[in-house]
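The values are calculated or read from the model by the stated rules, or taken from the named source; none is laboratory data. These numbers were taken from a predicted model, which means no experiment stands behind them. As a convention, Cβ positions derive from the backbone with ideal geometry for all residues, glycine included, and neighbour counts pool all protein chains shown. Remember, those area values only see protein heavy atoms, side chains included, never the ligands or the DNA or RNA. Shrake-Rupley method; radii C 1.70, N 1.55, O 1.52, S 1.80 Å.
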Amino acid sequence: MAESKLSPLQWWTEELFLEEEYRDTAAVVSSAGHHRRLSLSPRVVKEKAASMKKNLFDQASILSSGVSFVPTGYLDEQFCQVEDLQDEASPNFVEEVVTLFFKDSGRLMSNIEQALIGASRMKNECMSFRDSCGQGNVEGCMRSFQKVKREHAILRQKLESYFQLLRQAGPAGAATRPVM
Amino acid sequence: MSTTTVPEPHVLAVDDSIVDRAVISRLLRSSKYRVTTVDSGKRALEILSLDRNVHMIITDYCMPEMTGFDLLKRVKESAELKEIPVVLMSSENSPTRIRRCLEEGAEDFLIKPVRPSDVSRLCSRVMK
């Protein structure tokens, strides 16, 4: 095993990992200032992966009424179907699809977040316009009204994109075209 | 003795979701189809204008700007393209939507997630 210097956190993390689960299969050697990198057997790694996957599927809770059984797993049957598509020709297919999912969904969530922020900015500009009106500040009114118009246009564009996304993602009738 | 290699059937897969494109592409390739994927109906029509050697179009229903239904109509209205079978996919099981697509000339309507058995059924029925 090659020696490598681990940070204290890494070392303790791996120590606990071993202590809790794999005491009888892994060996740790530590000496002053240096720690051996832990090497787990393929069998142990495979068992660990299977256990993690089971947890992602099986986290079920039974309601106190004792009537309903509500599965609260992070994954569903569709994950198994994607796994079935993985073979020697595409050995990393599942990971590739999961990576694509997080990248794409992250982008969509960011778009929605940006659209929501736009409403606050328009509100702020409206308040500024109102203040200028209240002060009788004609120049201030003109300036802030231009900003209101700009924020209004930006907000409209972002909300149109937002509702388009909802129409793609949601059931029929969940989003109707807003009259703008 | 000469041997003739039968070319793989060519399927054009249309879906604005990169994840769904990856999955449908994998499904079709594992069934020995040659697959071209695009992210919009507009791009699909561009491909079809350049490559007439497309044996089937499989398209998502819900897409921005040009829906799968719009694409279906455009294909069926075209003298050059109308013979190409078009299959629609959707995550929503809407009888109205399904009926409308089949009446417009769709060969089939698949509910997502698409399964290998769905692709096998397409193979035997559509890709004659």
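The figures follow:
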quantity: Separation in nanometres of the label points that stand 7 Å from Cα toward Cβ, at A:M52 and B:R99; calculated: 4.9 nm
quantity: Approximate spin-label separation B:N53-A:D76, in nm, with each point projected 7 Å along Cα-to-Cβ; calculated: 4.1 nm
quantity: Under 5 Å, built H, 5+ apart or other chain: amide partners of B:V35; calculated: B:V11
quantity: Kirkwood-based Rg to Rh ratio, chain B, C-alpha trace; calculated: 0.96
quantity: Accessible area in square angstrom per residue, chain B, 1.4 angstrom probe; calculated: 52 Å²
quantity: Total accessible area lost when B and A pair, probe 1.4 Å, Å² to nearest 100; calculated: 1300 Å²
quantity: Members of segment B:21-60 that become less accessible by 30 Å² or more once partner protein chains are added (1.4 angstrom probe, chain alone as reference); calculated: B:A22, B:V23, B:R26
quantity: Percent accessible area from carbon and sulfur atoms, segment B:1-77, protein chains only, probe 1.4 Å; calculated: 50 percent
quantity: Chain-alone versus full-assembly comparison, segment A:83-130, residues with accessible loss of at least 50 Å² (1.4 Å probe); calculated: A:L85, A:L100
quantity: Virtual spin-label span in nm between B:E92 and A:E160, 7 Å along Cα→Cβ; calculated: 2.1 nm
